[in-house]
Amino acid sequence: MKWNTLLLLVALMGTCFSCSQSDQKEKNGQMEEGSYYENPVLGGDYPDPSVVRVGDDFYMTHSSFDYYPGLLVWHSTDLVHWKRISHALTEYVGSVWAPDLIEYEGKYYIYFPAGGTNWVVTASSPEGPWSEPIDLKLPGFIDPGHVAGLDDNRYLYLSKGYVVKLTDNGLATEGDPVHNYDGWEFPASWSTECFCLESPKSTVKDGYYHLITAEGGTAGPATSHMVVSARAKSPFGPFENSPYNPIVHTESRSERWWSQGHGTLVDDAEGNWWIMYHGYEKHFHTLGRQTLMLPIEWTEDNWFRVPEGVNSADQIQLPAGDESADGTGLSDDFNRDTLGLQWQFFKLYEPGRVRLLDGELVLRAAGNSFDESSPLLVNSSDRKYEVQVEYTIDEGVTAGLCLFYNEKGNMRIAVNEDRFTVYNQKNAKIREENTLGNHGYLRVLFDENEVSFYFSADGQQWNRVERTIEASGFNHNVFGEFLSLRAGLYAFGEGQVRFDNFIYNQL
């Protein structure tokens, strides 16, 4: 049953979240329409960005943790407007952290840590298909960063300040990792989470290996994370730390963006340079670490830095490139043959549970409780949004809409043949009798960390189910795992549920 057609079409057109700032009108007579952007360039939980330019095209991926299919790959022509194009990982190998996407001699590689070791997948095109993951047999390290050496060899930087040589095909290592960098000693008086020398990335320029690393810990206090730079004439060092360290850092919790760190450099078509990195928005750790970008300038003595007076909360001149259509929308009418790239399962990746049939998503129930249901999630990306969906449930099935951090941290509205129930984690907050039968509509409103739940017979007149849940604590500093609070669909019990017209609206 199709409903609210106009509302769905508007939502499906997508909202270019923070990059929509690029079409604002002239500000103070200084900027023309379409000439600037505002952070984040990707709203929502897209941490540890790795970006590469190939000709006029940019490709990017991020940590995907326990969300599968993993390693979502994006495409852009201007570094601000992004579109999903593929998932590079469909086999569960563990929680995927800090990848590195590179192009080498016409082939694409993503190096990434998961399950206590490091892996690589390859493809002839970023659109895929991507290979099965290959185990590099590098335990004990995270955050691999590929280096194409000036000596025509290939290397992999690793956490803790190590480097290892790769074979010519980049699919195995030669020899043992060698320590090459001690990091930058930040002042002991700074409020950080840990020293945590990690996420090494490399830019080779003008005879130098520029090593870009993260320190300070990725969460914890607002001033924890940072981007640090060093350079050497060899990938093995010795490295000289930049006089401009830290390149990126949150200096005070009064700033909009907290725990800024984990950077990678990229140049645009006109030779301008940029740093892509991540940060938490103040008071909105629930949204995870969002993708941010700042311009970079090179000094006469071949160091790089963020230009003086430029801040991550500013309006910033757009990079060179053609503005491409935005592909960040989360709504889905399910009128395709395959599931949209915005959807991911949590941990239990079972694509066989999903069928797209007659414009509906048919989801087979999993397990006997919500904890066992492995919800199907999208990456919520706004301080204010609503999600709603039409459902038809089989007898014996409990289904619903959830806001999900992990198995311990979640909230949801559930429906079965008897009742509607709102849960805060494992606790049933309130129940109402189901007088609608097996078909209806559900809605969740996220209003700056205050969450409310609704049901409806027609998708127009809504009944609110008390109570409102305060959600600001659903984040890594409370529940661990470096995740975010994501909206999604679930079903458990015996049978299936048919979902239609999933709508995500930024408010």
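The values are calculated or read from the model by the stated rules, or taken from the named source; none is laboratory data. Everything numeric here is computed off the predicted structure, so don't read it as measured data. Cβ sites come from the backbone with ideal geometry, for glycine too, and all protein chains shown count toward neighbours.
So here's what we get for this one:
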quantity: Residue match in the range 197-210 (condition: under 21 Å from the mean Cα position of the chain (by Cα) and either in a loop (DSSP other than H, G, I, E, B) or without any contact (Cβ under 8 Å) to a residue 60 or more places away in the chain (or both)); calculated: yes
quantity: Residue ID - nearest to N501 (Cα to Cα), chosen from residues in the range 326-338 that are at pLDDT below 95 and over 18 Å from the mean Cα position of the chain (by Cα); calculated: R336
quantity: Close pairs (7 angstrom Cβ cut-off, 6 or more residues apart or separate chains): under 17 Å from S331 (Cβ atoms) and not assigned by TED's automatic domain parsing to the domain that holds G94 in the range 343-359, of a type in the set (D, E) and not in a loop (DSSP other than H, G, I, E, B) anywhere; calculated: G359/D500
quantity: Matching strands (runs of 3 or more DSSP E) fully within the range 393-507 where at least 3 residues are charged (D, E, K, R); calculated: 427-433, 462-470
quantity: Residue list for the range 215-236, filter: in contact (Cβ under 8 Å) with a residue 60 or more places away in the chain and within 22 Å of G140 (Cα to Cα); calculated: T218, A219, P235, F236
quantity: Selected residue [modelled with pLDDT of 95 or more, in contact with a Lys or Arg (Cβ under 7 Å, 6 or more places away or on another chain) and of a type in the set (A, V, I, L, M, F, W, C)] from L72, L89; calculated: L72
quantity: Which numbered condition E297 fails, given (1) assigned to a strand (DSSP E or B); (2) touching a residue at least 24 places away in the same chain (Cβ under 8 Å); (3) buried (at least 16 other Cβ atoms within 10 Å of the Cβ); calculated: (3)
quantity: Test result for K205, on the phi < 0 side of the Ramachandran plot and either out of contact with any strand residue (DSSP E or B) (no Cβ under 7 Å at 6 or more places or on another chain) or modelled with pLDDT under 95 (or both); calculated: yes
quantity: Residue within the range 16-35 that is of a type in the set (S, T, N, Q), under 27 Å from F502 (Cβ atoms) and modelled with pLDDT of 50 or more present; calculated: no
quantity: Single residue of F492, F474 found to be touching a Leu at 6+ places or on another chain (Cβ under 8 Å), under 29 Å from L339 (Cβ atoms) and surrounded by 14 or more Cβ atoms within 10 Å (Cβ to Cβ); calculated: F474
quantity: Wholly within the range 311-365, strands (runs of 3 or more DSSP E) carrying at least 1 residues that are of a type in the set (D, E, K, R); calculated: 354-357, 360-364
quantity: Answer from Y405, Y423 - the residue that is surrounded by 18 or more Cβ atoms within 10 Å (Cβ to Cβ), in contact with a helix residue (DSSP H, G or I) (Cβ under 7 Å, 6 or more places away or on another chain) and modelled with pLDDT of 95 or more; calculated: Y405
quantity: Matching entry among W130, W119, W97 (being farther than 21 Å from D268 by Cα, of a type in the set (F, W, Y) and free of Cβ contacts under 8 Å to residues at least 40 places away in the same chain); calculated: W119
